[in-house]
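K.L.:
Here you go, one structure.
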Amino acid sequence: MDAPGEELADRIRALMGADPSIEEKRMFGSRAFLMDGRILVGARKGGVLLVRVSEEQGAALAVRPGVARAVMGAKTMSASWLDVDAVTVADDDALMFWIDAAREDSTGRP
């Protein structure tokens, strides 16, 4: 992974703290953060944040500036998988919004 992706992974790690329920793995050329074996977010090349949410939540969030359905290889993923560009998650409050959105979907609660 490139430097912007590594920097994003460091920021995610710092914001998630020492939560023992979070596991970090290298996957698909990115750094993925999982809860109960399920990807919450990932740091991708170029500092792009990969976010996994419900289909309904993804459809609503995809209309925000800097957000699009994730593309992996030649495949555009379902509305549950979003790419959030580096500019959109440039500050920690914005990054935390997306982490919380993924956690909310994962747990069914905020």
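Only the coordinates and a few stated rules stand behind these numbers; no lab work does. All values derive from a computational prediction rather than experimental measurement. Here the Cβ is made from the backbone with ideal geometry for all residues, glycine too, and neighbour counts use every protein chain on show.
K.L.:
Could you check the spin-label model distance between A59 and M72? Points 7 Å from the Cα along Cα→Cβ, value in nm.
P.N.:
2.2 nm
K.L.:
Further question: Just check the chain against the gyration tensor rule for me: Cα atoms, a ≥ b ≥ c as the square roots of the eigenvalues, rounded for a/c under 1.5, and otherwise prolate or oblate depending on whether a/b exceeds b/c.
P.N.:
rounded
K.L.:
State the answer as a single residue: which of M27, V48, L95 lies farthest towards the positive end of the charge dipole of the chain, with beta carbon charges of +1 for Lys and Arg and -1 for Asp and Glu, about the Cα centre.
P.N.:
M27
K.L.:
Mind listing the phi-derived Karplus ³J(HN,Hα) values for the stretch 23-31, rounded to whole Hz, using 6.51, -1.76 and 1.60 with θ = phi - 60°, and x for any glycine or proline?
P.N.:
10, 10, 9, 7, 8, 6, x, 9, 10
K.L.:
What is the dipole size for the chain, taken about its Cα centre, with +1 at each Lys and Arg Cβ and -1 at each Asp and Glu Cβ, in debye to the nearest 20?
P.N.:
That gives the chain a dipole magnitude of about 400 debye.
K.L.:
Next up: Per-residue ellipticity at 222 nm for the chain, helices alone: DSSP H runs ≥ 4 residues times -39500 (n - 2.57), over residue total, nearest 500 deg cm²/dmol?
P.N.:
So the helix-based figure for the chain works out to -10500 deg cm²/dmol.
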